[in-house]
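Q: This is the structure I want to talk about, given as structure tokens.
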Number of protein chains: 2
Amino acid sequence: MSRATRLRLERAFIDGVVRDDVTVEIADGRFSAVGVDPAADAERVEGLAVPGFANCHSHVFHRALRGRTQTGGGTFWTWREQMYAVAQRLDPDTLHALATATFREMLAAGYTSVGEFHYLHHAPSGARYTEANVMGTALLTAAAEVGIRITLLDTCYLAAGIGRDPEGVQRRFSDGDAQTWAERVAELDALDGRARIGAAIHSVRAVPREQLSIVVAAARNRPLHVHLSEQVAENEQCLAAHGMTPTALLHDAGALTPLTSAVHATHLTETDIALLGSSGTHACFCPTTERDLGDGVGPSRALHAAGSSLTLGSDSHAVIDPFEEMRAVELDERLVSMTRGHWSATELLDAGGRIGQASLGYADAGRIAVGQRADLVVLDLGSPRTAGTGAGAETAVFAASAADVREVWADGVRHDAGVLREQAGLELARVIGGLWG
Amino acid sequence: MSRATRLRLERAFIDGVVRDDVTVEIADGRFSAVGVDPAADAERVEGLAVPGFANCHSHVFHRALRGRTQTGGGTFWTWREQMYAVAQRLDPDTLHALATATFREMLAAGYTSVGEFHYLHHAPSGARYTEANVMGTALLTAAAEVGIRITLLDTCYLAAGIGRDPEGVQRRFSDGDAQTWAERVAELDALDGRARIGAAIHSVRAVPREQLSIVVAAARNRPLHVHLSEQVAENEQCLAAHGMTPTALLHDAGALTPLTSAVHATHLTETDIALLGSSGTHACFCPTTERDLGDGVGPSRALHAAGSSLTLGSDSHAVIDPFEEMRAVELDERLVSMTRGHWSATELLDAGGRIGQASLGYADAGRIAVGQRADLVVLDLGSPRTAGTGAGAETAVFAASAADVREVWADGVRHDAGVLREQAGLELARVIGGLWG
């Protein structure tokens with residue numbers, strides 16, 4: 001056992017309450033003691049410490065699109081064409097480099113875990129790489145090198161739409177059938193205790209109805225994620241083909257459980273909300289992406305009331321900032337409802353942290369408590385954004401930004417956020433500059 | 001004439017186009033030469049330089065509310081009660097200190113001008129101060145000390161609602177009648193060429209219909225601002241009392257001209273939009289505040305098409321960040337329309353800069369061009385937010401944040417943004433801490 005580190009936190013968010021002078025002891029990557037002791041013999045850490053955030057929905061390669069898809073008009077579907085152009089260009093080396101840079105940007109922003117929704121499985125032609133999981137392994141390796149936990153959500157993607165074979169770059173995504181997908185995923189190795197292998201159904205568009213149960217069986221006891229009803233067109237196509245909503249179809253296939261995360265969950269019926277809630281399925285919202293893509297505002301509070309716990313993800317990485325993600329849940333609900341006070345800061349910190357970590361398979365992270373993984377995100381309380389804002393949970397959720405993060409601890413490893421930011425900037429410029437030539 | 005300063009800008013946004021290696025010469029606070037000359041003997045400035053932004057709608061004292069009005073539920077109207085509690089507490093000294101700190105936060109973020117919508121005129125009892133304009137002078141002095149241009153929009157506020165006398169803290173706001181207001185405003189002295197005195201009609205709630213024309217006459221040839229249809233309730237009350245919308249009432253009083261800015265302009269009829277557009281009235285949107293307060297999303301594009309130019313303001317200062325303000329116009333429109341591409345990055349830079357500056361009375365600011373005031377906002381292109389995003393106008397509007405500002409030039413005076421941020425943080429903590437005790 002390594003020697004314990006002792007810190008005296010100026011302020012810390014502990015299970016719903018912000019306290020002064022919190023002493024924590026960290027040993028072997030976990031909190032071995034937590035208490036309030038202003039006189040403790042410990043290094044003083046100034047600022048507001050909150051638990052580490054979980055980025056529950058990431059497509060890491062979308063980071064290459066930031067700022068480059070903001071010209072001209074269009075919809076989600078025209079944006080997707082631009083996204084596919086980047087997807088076509090990546091190989092294991094460039095994916096590894098882009099993932100390293102982007103995961104570092106995430107860690108600098110306070111994310112200590114990432115759920116990577118990964119479907120760039122094969123070569124651009126659709127042929128398998130000699131090492132079938134070389135792309136997934138590139139992601140696992142990048143996360144390990146950066147020091148962020150990962151749940152690799154290996155994604156089953158078999159069809160361009162209901163009844164349509166994969167087209168163009170989608171051939172990279174497809175294993176041909178769900179059984180072949182499952183056999184490949186079974187070969188994946190999580191490497192260490194800071195990685196998990198989970199599964200994903202890309203969407204009801206991309207996995208034929210009769211093969212859903214194969215994915216569900218392969219995902220048993222693992223996190224299972226699925227894009228759900230982000231677009232009205234998906235609902236219409238599913239209703240036309242199957243006479244039921246995507247949610248009902250997934251429920252029918254046994255895909256909705258407490259280990260499942262329904263990503264977006266934007267355009268739902270009341271019956272959909274009841275099915276998601278009663279099954280304990282997580283609702284993973286990606287507010288900055290949903291705003292960027294014009295998806296609409298999902299029924300976050302109704303889902304919560306029905307039994308679906310909220311988690312958050314930065315998805316397309318138009319923004320990588322857990323603070324913006326948290327407050328956007330409340331602020332976008334205000335925009336469409338014209339009332340305030342749907343989500344409290346404490347609830348949003350819980351969604352961004354504890355609940356998200358658990359949804360990725362890390363129930364032992366997301367709280368500053370004995371036995372938990374030692375994750376901390378320390379915020380500057382004296383920046384132009386945070387100064388004078390009360391230094392409570394509301395400061396973190398409604399005033400702070402990723403630029404206010406001073407240091408991040410992940411599994412007991414300390415990172416200077418300024419150093420991470422500088423390094424991420426250099427790496428991002430290099431790898432993305434190379435991709436766009 | 002002082003010696004000219006020569007800069008070679010790595011990249012600069014010049015009249016709609018981003019160019020490399022732009023050389024500018026600055027003398028007596030203005031650009032005396034602008035050209036493209038990679039070989040120029042000039043100090044190299046790295047990053048993307050854009051013109052200075054205009055914060056066209058500010059209530060500087062609301063900065064004390066950030067992070068402190070985010071508990072519990074409510075509406076715009078319950079939020080207003082909390083805002084009034086702070087308004088009640090301020091005196092000339094604390095207003096000056098709060099304004100100094102907040103204007104410094106603005107300058108650090110890239111705002112080189114501010115339109116201060118000022119109605120805290122009198123003592124808490126409603127009595128005049130011995131020096132009647134001591135509060136307005138505190139704002140003018142603070143701006144001069146910080147080095148940000150100001151247009152003091154001295155606001156006529158006479159009633160709690162249609163047919164209702166001022167109540168509680170509103171007594172501070174009222175001069176009793178419009179003529180008395182006009183006489184006081186006539187005494188205000190702009191001090192120097194970096195300040196203007198403008199006027200404001202608080203709203204059709206707060207200025208009785210028969211006194212509107214007095215304000216309009218007093219404001220002749222100056223910027224005139226008015227809160228317009230931010231809330232549905234305002235429209236309903238106006239229709240009930242006068243049988244017409246607030247826009248129609250203002251039009252009837254001659255208040256809509258190219259020197260007028262209609263602030264918010266959220267809940268409008270088609271006739272309202274036509275009246276605002278055909279009169280050349282500016283539409284001043286405050287997207288981060290309108291989202292925070294759940295006001296709704298105004299018809300920015302329809303107003304633009306009708307002839308109302310868009311300007312932007314940070315209003316309640318829940319956020320002080322011109323980049324967030326610009327992109328929010330487009331992003332919030334996406335949320336409610338579920339389509340993309342309403343506003344281009346170039347148009348939004350123009351709204352945030354050139355058009356806003358002109359609306360505040362500074363038609364000689366907002367462009368990097370010979371004869372214009374020498375304002376520059378230089379962005380770091382290598383931060384985790386901006387790296388790899390293409391370094392064009394889209395980087396500024398859709399990727400950057402106030403934290404990416406490296407330096408700000410305002411009227412030829414150079415400011416290190418990091419130093420401004422640090423100083424603003426210290427000042428904000430001190431003055432706001434004192435206000436909340």
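The values are calculated or read from the model by the stated rules, or taken from the named source; none is laboratory data. Everything numeric in this text was worked out from a predicted model, so none of it was measured. Don't worry about glycine lacking a Cβ; one is built from the backbone with ideal geometry, like all the others, and counts go over all protein chains shown. The accessibility values were calculated without ligands, DNA or RNA, using every heavy atom of the protein model including side chains. Shrake-Rupley method; radii C 1.70, N 1.55, O 1.52, S 1.80 Å.
Q: Only one of these is open to solvent by less than 10 Å² (accessible area, probe 1.4 Å), within 14 Å of chain A (Cβ to nearest Cβ) and closer than 27 Å to residue A:423 by Cβ: B:379, B:348. Name it.
A: B:379
Q: Check B:82, B:88 and return the single one that is open to solvent by 40 Å² or more (accessible area, probe 1.4 Å), in contact with a helix residue (DSSP H, G or I) (Cβ under 7 Å, 6 or more places away or on another chain) and either part of a helix (DSSP H, G or I) or more than 30 Å from residue B:295 (Cα to Cα) (or both).
A: Selected residue: B:82, the only one of B:82, B:88 that is open to solvent by 40 Å² or more (accessible area, probe 1.4 Å), in contact with a helix residue (DSSP H, G or I) (Cβ under 7 Å, 6 or more places away or on another chain) and either part of a helix (DSSP H, G or I) or more than 30 Å from residue B:295 (Cα to Cα) (or both).
Q: Taking residue B:364, is it under 16 Å from residue B:51 (Cα atoms), open to solvent by 20 Å² or more (accessible area, probe 1.4 Å), not hydroxyl-bearing (Ser, Thr, Tyr) and not in a helix (DSSP H, G or I)?
A: yes
Q: Is it true that some residue in segment B:239-254 is within 14 Å of another protein chain (Cβ to nearest Cβ) and among the hydrophobic types (A, V, I, L, M, F, W, C)?
A: no
Q: Does residue B:31 satisfy the criteria of being open to solvent by less than 10 Å² (accessible area, probe 1.4 Å) and assigned by TED's automatic domain parsing to the domain that holds residue B:9?
A: For residue B:31, the condition - open to solvent by less than 10 Å² (accessible area, probe 1.4 Å) and assigned by TED's automatic domain parsing to the domain that holds residue B:9 - is met.
Q: For the condition closer than 30 Å to residue A:107 by Cβ, assigned to a strand (DSSP E or B) and either among the hydroxyl-bearing types (Ser, Thr, Tyr) or open to solvent by less than 10 Å² (accessible area, probe 1.4 Å) (or both), what is the one hit in A:289, A:311, A:266?
A: Only one candidate passes the filter, namely A:311.
Q: To continue, here is another question. Check B:94, B:100 and return the single one that is out of contact with any strand residue (DSSP E or B) (no Cβ under 7 Å at 6 or more places or on another chain) and more than 16 Å from residue B:169 (Cβ to Cβ).
A: Among B:94, B:100, only B:100 is out of contact with any strand residue (DSSP E or B) (no Cβ under 7 Å at 6 or more places or on another chain) and more than 16 Å from residue B:169 (Cβ to Cβ).
Q: Another question about this same structure. Of all residues in segment B:382-415, count the ones that are open to solvent by less than 20 Å² (accessible area, probe 1.4 Å), closer than 21 Å to residue B:351 by Cα, facing chain A (nearest Cβ under 8 Å) and not polar (S, T, N, Q).
A: The total comes to 5.
Quick grid of which residues meet (1) of a type outside the set (S, T, N, Q); (2) outside the structural domain of residue B:185 (by TED's automatic domain parsing); (3) open to solvent by 40 Å² or more (accessible area, probe 1.4 Å):
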site: B:218; (1), (2), (3): yes, no, yes
site: B:232; (1), (2), (3): yes, no, yes
site: B:251; (1), (2), (3): yes, no, yes
site: B:273; (1), (2), (3): yes, no, no
site: B:280; (1), (2), (3): yes, no, no
site: B:285; (1), (2), (3): yes, no, no
site: B:293; (1), (2), (3): yes, no, no
site: B:300; (1), (2), (3): no, no, no
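Q: Test of understanding: among B:255, B:305, B:248, which residue is outside any helix (DSSP H, G or I) and in contact (Cβ under 8 Å) with a residue 12 or more places away in the chain?
A: That would be B:255, the only listed residue that is outside any helix (DSSP H, G or I) and in contact (Cβ under 8 Å) with a residue 12 or more places away in the chain.
Q: Can you name the helices (runs of 4 or more DSSP H) wholly within segment B:93-212 that have at least 1 residues being closer than 30 Å to residue B:411 by Cα?
A: The qualifying helices (runs of 4 or more DSSP H) are B:134-146, B:178-186.
Q: Would a scan of segment A:35-54 turn up a residue that is open to solvent by 10 Å² or more (accessible area, probe 1.4 Å), within 14 Å of chain B (Cβ to nearest Cβ) and either touching a residue at least 12 places away in the same chain (Cβ under 8 Å) or within 21 Å of the chain's Cα centre (by Cα) (or both)?
A: Looking through segment A:35-54, at least one residue is open to solvent by 10 Å² or more (accessible area, probe 1.4 Å), within 14 Å of chain B (Cβ to nearest Cβ) and either touching a residue at least 12 places away in the same chain (Cβ under 8 Å) or within 21 Å of the chain's Cα centre (by Cα) (or both).
Q: Which residues, counting only those in segment B:59-79, are out of contact with any strand residue (DSSP E or B) (no Cβ under 9 Å at 6 or more places or on another chain) and either at the interface with chain A (Cβ under 8 Å from one of its Cβ atoms) or open to solvent by less than 30 Å² (accessible area, probe 1.4 Å) (or both)?
A: Within segment B:59-79, B:61, B:63, B:64, B:65, B:66, B:67, B:68, B:71 meet the criteria.
Q: Among the residues of segment A:314-343 satisfying the criterion of being more than 10 Å from every other protein chain (Cβ to nearest Cβ) and part of a helix (DSSP H, G or I), which is surrounded by the fewest Cβ atoms within 10 Å (Cβ to Cβ)?
A: Only one residue tops the list, namely A:329.
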